[in-house]
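J.: Just passing along the structure, written as C-alpha cells.
Bear in mind these aren't lab numbers, they're just calculated from the coordinates by the rules spelled out. All values reported here derive from a predicted model rather than from experimental measurement. Heads up, the Cβs are rebuilt from the backbone with ideal geometry, glycines too, and the neighbour counts pull from every protein chain shown.
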Amino acid sequence: MNDDRLKKVKEAAAAVRKRIEVDPVVAITLGSGLSDAFGIPDGGARIDTAEIPGFPRPTVAGHSGGLWAGEIGAVPVIIQRGRVHYYEGWSLDDVTFSTRMFALLGVRTLIVTNASGAINPEIRAGDLVLISDHINMLGANPLRGANIDELGPRFPDMSAAYTPRLRRLARSVASNEGIDLKEGVYVATLGPSYETPAEIRAFRALGADIVGMSTVPEVIVAAHAGMDILGISIATNLAAGVDPRARLTHAEVIETTKRKGAEMRRLLLALIPMIPGQKPG
Ligand code: HPA
C-alpha cells in the first residue's frame, strides 16, 4: 500500500466519521450469509458503502453490504455487513480496506466472523468455532510492499494474534449462554473452488481444524495495527472428503449460516459489553 492508498483510507474514514455519532472502539465483520441472519441492532446509523469513497463493494451472493454504527450495551460499535474476497479479484489492499479504515477510526478490537468447512471430525456442520490461530495458504500477505509506519511495524508479531483474553471471554460467555463453542485453527485458501479431499487431508496434517476463503488478510492487517482480535466461524459443512459421499455447495453454506446466525448474534451481543478495557491507543 503506497501513501496514495493510505490517503484513500483516510478519506474513507473521514466520510464515515461525518455520518456517525459514536467513536467506535469495536468493529465486527460479518461474513457469508451472516449479514442478513445477524440483523442489526436498533438505533445507530446505517451507511451505504456507496457513500464511502474508495470502499470496495461486495458482489458475491449472500453478502448484503453496508455499515452500521451505534452502541451495543454502551460500547460504541461499527458493523460491516459483508466483505470482499481475494478470489473475487480484489487486491489485498481492497480486502483489508475496511480494517485499515477501522484502525483510523480508533477501533481497538476487531471481531471477525466467517463460514468454514469442518476438517476436524469433532466439529460438525452448524457448530460455532472460536478461531485460536490461523494458517495462511493464500500465498500472499496484505503487508507486502512498503510498510506504512503510521499504521504499524514492518514485521508484526503474530504469536498471539487471536487475543487470548478475548478467547477466554468468548468461552465463558458461550458457556453462560448455553452455546456450544468449539475451538480450532483456521486455514485460509484462495478459492473460489472448494478444496480437494487430498488438500483437506494435507491441511489436517498441518494442524488445521476448519477451512475458509477469507478473514486471514483482515486479521494480519488488524494485528499490524495493534488491534485485539476475536474470530468466530460457523462450520457450515464438512470439508471435502470428510464425508466421502457428500458434495459441497454454496447454497448449503448460506443455509447453515442463516440457521446459525441467531446464535452467533446472541453470543456477540452478550460478549461485546464485557470486552475489557481497550488497549491504549
Ligand atoms: N471450504 C472453503 N471455504 C468454505 C467452506 C469450505 O468447505 N465452507 C464455507 N466456506
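J.: Return the Cα extents of segment 1-139 along principal axes one, two and three, sorted largest first, each rounded to a whole Å.
T.: If we take the Cα atoms of segment 1-139, the spans are 47, 37, 27 Å.
J.: Around Ile111, which amide H atoms from residues at least 5 apart in sequence, or from another chain, sit under 5 Å from its own amide H, with H modelled in the peptide plane?
T.: It is Ala27, Ile28, Thr29, Leu230, by chain and number.
J.: Taking 0.36 nm per intervening residue step and subtracting the Cα-Cα distance, what contour gain separates Arg168 from Tyr87 on full extension?
T.: Result: 25.9 nm gained on full extension.
J.: Hey, another quick one. The chain: longest stretch without exposed trypsin sites (Lys or Arg not before Pro) (DSSP loop, at most 13 other Cβ within 10 Å), sites themselves excluded?
T.: 1-123
J.: Now for a separate question. Which ³J(HN,Hα) values in Hz, rounded to whole numbers, follow from the phi angles of segment 188-193 under the Karplus curve 6.51 cos²θ - 1.76 cosθ + 1.60, where θ = phi - 60° and Gly and Pro get x?
T.: For segment 188-193, the Karplus curve yields 9, 10, 6, x, x, 5 Hz.
J.: Taking the chain, how many lysine pairs are there with alpha carbons less than 24 Å apart, if each pair must be eight or more places apart or span two chains?
T.: Within the chain, the lysine pair count is 6.
J.: Quick one: Cα centre-to-centre distance for segment 94-158 and segment 189-225, in angstrom?
T.: Measuring centre to centre over Cα atoms gives 11 Å.
J.: Taking Cα atoms, how many degrees apart are the long axis of helix 3-19 and the longest axis of the chain, rounded to 10 and kept between 0 and 90?
T.: Orientation of helix 3-19: about 80 degrees from the principal axis.
J.: Between Asp36 and Ala146, what FRET efficiency comes out of the Förster formula 1/(1 + (r/R0)^6) with R0 = 30 Å and r the beta carbon distance, rounded to 0.05?
T.: Here the calculated transfer efficiency is 0.20.
J.: Quick one: 3J(HN,Hα) in Hz for segment 113-122, Karplus 6.51/-1.76/1.60 with θ = phi - 60°, rounded, Gly and Pro as x.
T.: 10, 7, 10, 8, x, 8, 8, 5, x, 7
J.: Rg/Rh for segment 67-168: what does it come to with C-alpha atoms and Rh from Kirkwood?
T.: Working: Rg = 15.6 Å, Rh = 16.3 Å.
That ratio equals 0.96.
J.: Separate question: Quick one: Karplus J couplings for segment 247-263, per residue in order, coefficients 6.51, -1.76, 1.60, θ = phi - 60°, nearest Hz, x for Gly and Pro?
T.: 10, 9, 9, 5, 4, 5, 4, 5, 4, 5, 4, 4, 5, 9, x, 5, 5
J.: Let me ask something else. Suppose we keep just the DSSP beta bridges with both residues in the chain; what percent of those would be antiparallel, to 5?
T.: 30
J.: Collect residues whose amide H, placed 1.01 Å from N in the peptide plane, falls under 5 Å from the amide H of Asn237; neighbours closer than 5 in sequence don't count.
T.: When sequence neighbours closer than 5 places are left aside, the close amide H contacts are Ser116, Ala118, Gly126.
J.: While we're on this one: For segment 3-274, count the residues as N, evaluate 2.2 N^0.38 Å, and divide the Cα radius of gyration by that value, please.
T.: Compactness ratio reported: 0.94.
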